[in-house]
1. Exactly one condition in (1) modelled with pLDDT of 95 or more; (2) surrounded by fewer than 16 Cβ atoms within 10 Å (Cβ to Cβ); (3) over 13 Å from the mean Cα position of the chain (by Cα) is false for K2; which is it?
2. Answer yes if at least one residue in the range 112-121 is farther than 14 Å from G13 by Cβ, free of Cβ contacts under 8 Å to residues at least 24 places away in the same chain, among the acidic types (D, E) and in a helix (DSSP H, G or I), and no otherwise.
3. Are there any pairs with C-beta distances below 9 angstrom linking a residue in the range 11-37 that is more than 17 Å from I86 (Cα to Cα) and surrounded by fewer than 15 Cβ atoms within 10 Å (Cβ to Cβ) to a residue that is modelled with pLDDT under 75 and of a type in the set (A, V, I, L, M, F, W, C), with the two at least 6 apart or on different chains, and if so which?
4. Just wondering, is there one or more residues in the range 149-164 that are without any contact (Cβ under 8 Å) to a residue 12 or more places away in the chain, farther than 19 Å from L81 by Cα, not acidic (D, E) and not in a helix (DSSP H, G or I)?
5. Considering the range 72-111 alone, what residues qualify as being in a helix (DSSP H, G or I), free of Cβ contacts under 8 Å to residues at least 40 places away in the same chain and not hydrophobic (A, V, I, L, M, F, W, C)?
6. Would it be correct to say that V150 is loosely packed, with under 15 Cβ neighbours inside 10 Å and farther than 23 Å from N30 by Cα?
7. Just one of E146, E74 is acidic (D, E) and modelled with pLDDT under 95; which is it?
8. Filter the range 122-145 down to residues that are in contact (Cβ under 8 Å) with a residue 12 or more places away in the chain and not hydrophobic (A, V, I, L, M, F, W, C), then give me how many there are.
Amino acid sequence: MKKIIAIYGGILGLILCVNMFYMVHLCYSNPDFKSNDVLGYAIMVLVFSLIFFGVRNYRNSILEGKISFGKAFETGLIIALVASVIYVVVWLFYYYLFVPDYLDHYINHVIRQTPAEKLSAVQVQMEDLRKMYQTPVSVALVTFLEVFPVGLIVALISAAVLRKKMV
C-alpha cells in the first residue's frame with residue numbers, strides 16, 4: 001500500500017504544483033488575467049481523479065480485487081493527504097522565495113474583476129486573506145484547505161464506487 005500511496009500521491013502532488021506554477025505565471029504575465037475559481041476547482045477534481053486509479057490499483061494488484069469501503073477510503077485519503085502536503089510545501093518555498101508579492105497581484109486581480117455592487121464585501125474578504133498570510137503556519141493552513149477538501153470528496157466517491165465485498 002505504501003508504494004502505491006507514494007507513487008499516486010507524488011504524481012498527484014507534482015501535477016497540482018505544475019498547475020499552481022502555471023496559474024501564478026498567468027497572474028504575473030497577463031494584466032487582464034481573470035481568475036476562474038470554477039475552472040480551477042474543475043482542474044483540481046480532474047487531477048484528484050488519480051485517487052480513483054490509485055485505490056483501484058491497490059484493490060486489483062494487492063488485494064486480489066476486493067476492498068472494503070473503509071480501506072478504500074483510507075487509501076484515497078492518504079493519497080490526497082500526501083499530494084496536499086507536497087502542494088503546501090512547494091507553495092511555501094515558491095511563495096516566500098520567488099513570488100513574495102503574489103498576494104498583492106492576486107488581490108488586485110480579484111478587485112479589478114469584482115462588480116461595483118460587491119466591491120466592499122470582496123475588499124473585506126481580501127483584507128482577511130492578507131491577515132491570514134502574515135505567518136507561514138497560516139499560509140500553510142490556507143493552502144492546505146485550498147486543495148485537501150477536493151481530495152477528500154474524491155476519496156469518498158472513489159471508495160463508494162470501488163468497494164467490493166470481501167469474502
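The values are calculated or read from the model by the stated rules, or taken from the named source; none is laboratory data. Small disclaimer: the values here were computed from a predicted structure and weren't measured. Cβ sites come from the backbone with ideal geometry, for glycine too, and all protein chains shown count toward neighbours.
1. Exception for K2: condition (1).
2. Looking through the range 112-121, at least one residue is farther than 14 Å from G13 by Cβ, free of Cβ contacts under 8 Å to residues at least 24 places away in the same chain, among the acidic types (D, E) and in a helix (DSSP H, G or I).
3. L26/F33
4. Checking the range 149-164: not a single residue is without any contact (Cβ under 8 Å) to a residue 12 or more places away in the chain, farther than 19 Å from L81 by Cα, not acidic (D, E) and not in a helix (DSSP H, G or I).
5. Matches in the range 72-111: E74, D104, N108.
6. No, not satisfied.
7. Step by step, each of E146, E74 is checked, and only E146 is acidic (D, E) and modelled with pLDDT under 95.
8. Residues of the range 122-145 that are in contact (Cβ under 8 Å) with a residue 12 or more places away in the chain, as a first pass: 122-123, 126, 129-130, 133, 136, 139-140, 142-144.
Right, trim to not hydrophobic (A, V, I, L, M, F, W, C) and you get 123, 130, 133, 136, 143.
Residues meeting the conditions: 5.
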